[in-house]
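The values are calculated or read from the model by the stated rules, or taken from the named source; none is laboratory data. Please read all numbers here as calculations on a predicted model, not as lab measurements. Reconstructed Cβ throughout: ideal geometry from the backbone, glycine too, with neighbour counts over all protein chains shown.
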Amino acid sequence: MTAKIKTATLIERRYKNMDDFEKQLQRQSLRKVPGEWRVEILREGRRISVPEFNDANRPFLGKFLSTLNRKLSTFFWPHPKAWAGLAVIWIAILFMNVYTRDSRPVLAKQTEAPSPQVQLVMEQQRRLFNELLGPTTALEADRPKIILRQPRSEMRRETAMA
Amino acid sequence: MPDTELERLYDDHAQALFAFLLNFMRDESDTRDLLQEIFVKLARQPELLHGARDERGFLLRLAHNAAIDLMRRRGVRGKYHEQFGAEMVSIFAPAGNPDEEAFRAALTTALAELPEEQRAVVHLKLWEGRTFEQIADALSISPNTAASRYRYGLDKLRERLRPVYDEL
């Protein structure tokens with residue numbers, strides 16, 4: 001650091017005495033910044049700084065969104081067009097995905113209850129299948145007993161006889 | 001940032017930043033955009049200036065970086081733009097007499113012919129009165145580089161302006 005300052009000082013000393021040509025250049029007065037720019041630029045600056053100025057009065061969500069916006073703006077700033085292009089591509093992909101999606105309902109939703117004829121055929125096949133296999137105890141045991149509806153008095157008599 | 005503080009910053013530094021950017025970019029519209037970009041940035045992030053010892057130096061650095069960013073964004077298109085627009089913009093105020101006017105016109109052309117990095121150093125040295133160390137800080141180069149760029153730039157200007165200068 002000291003060496004750097006020393007070098008800089010030496011350089012300054014070497015160039016300290018400007019010659020006439022440099023002085024002539026230096027004398028040329030520069031253009032003034034256009035007056036109307038002040039109003040426009042400060043207005044734009046105020047527009048940006050107003051939300052920050054009222055920071056204490058804003059709800060948490062407002063503060064959070066403002067901070068998020070600021071951070072994202074800073075992040076996206078170097079190449080806003082590139083990010084915008086990327087966003088457009090994402091939206092296009094999403095759109096194509098939605099557009100080309102199979103709109104037919106899924107198979108499970110499509111199936112309806114079989115017609116009475118089909119049920120009859122299936123019942124016949126089931127019976128035939130049972131006959132071919134023969135009665136199995138396991139199956140009988142598993143099958144729930146069918147209790148026929150009877151008057152209560154008869155049911156009580158059956159119980160008494162048993 | 002409070003409005004008064006932004007106004008104070010503008011009044012203190014806008015003129016210097018304007019002249020530097022106009023000389024660097026050679027385009028008034030770009031200068032306007034960059035100047036606004038800098039002050040909007042300051043309004044959005046007032047904390048940027050909190051650690052700055054040399055406010056002007058910091059803002060010049062900000063301006064230089066913004067200008068470089070803009071030129072990079074433009075790429076090749078910017079180079080053509082610069083070539084065609086180089087002699088159109090003058091950074092100097094109109095002069096009182098014809099000789100001075102001729103000198104300023106020639107100086108404008110000669111400055112436009114310098115490479116940007118030499119032009120930036122020459123501007124900061126001559127019209128901002130910055131030291132080489134301050135220039136080095138603002139442009140992120142070493143003081144030696146700043147000094148040599150100044151020397152090369154000045155030699156080219158001297159060569160280019162000799163006929164007009166001798167008439168003065």
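Checking each residue in the range B:138-168 for being charged (D, E, K, R), crowded, with 18+ Cβ neighbours inside 10 Å and facing chain A (nearest Cβ under 10 Å) picks out no residue at all. Only residues that are closer than 21 Å to B:Leu126 by Cβ and among the basic types (Lys, Arg) were counted in the range B:6-44, giving 1.
With the requirement that a residue be facing another protein chain (nearest Cβ under 7 Å) and out of contact with any strand residue (DSSP E or B) (no Cβ under 9 Å at 6 or more places or on another chain), what does the range B:3-27 give you? Within the range B:3-27, B:Asp3, B:Leu6, B:Glu7, B:Tyr10, B:Ala14 qualify. Note on the range A:14-123: enclosed helices (runs of 4 or more DSSP H) holding 2 or more residues that are over 20 Å from the mean Cα position of the chain (by Cα) and at pLDDT 75 or above are A:20-27, A:35-53, A:80-99.
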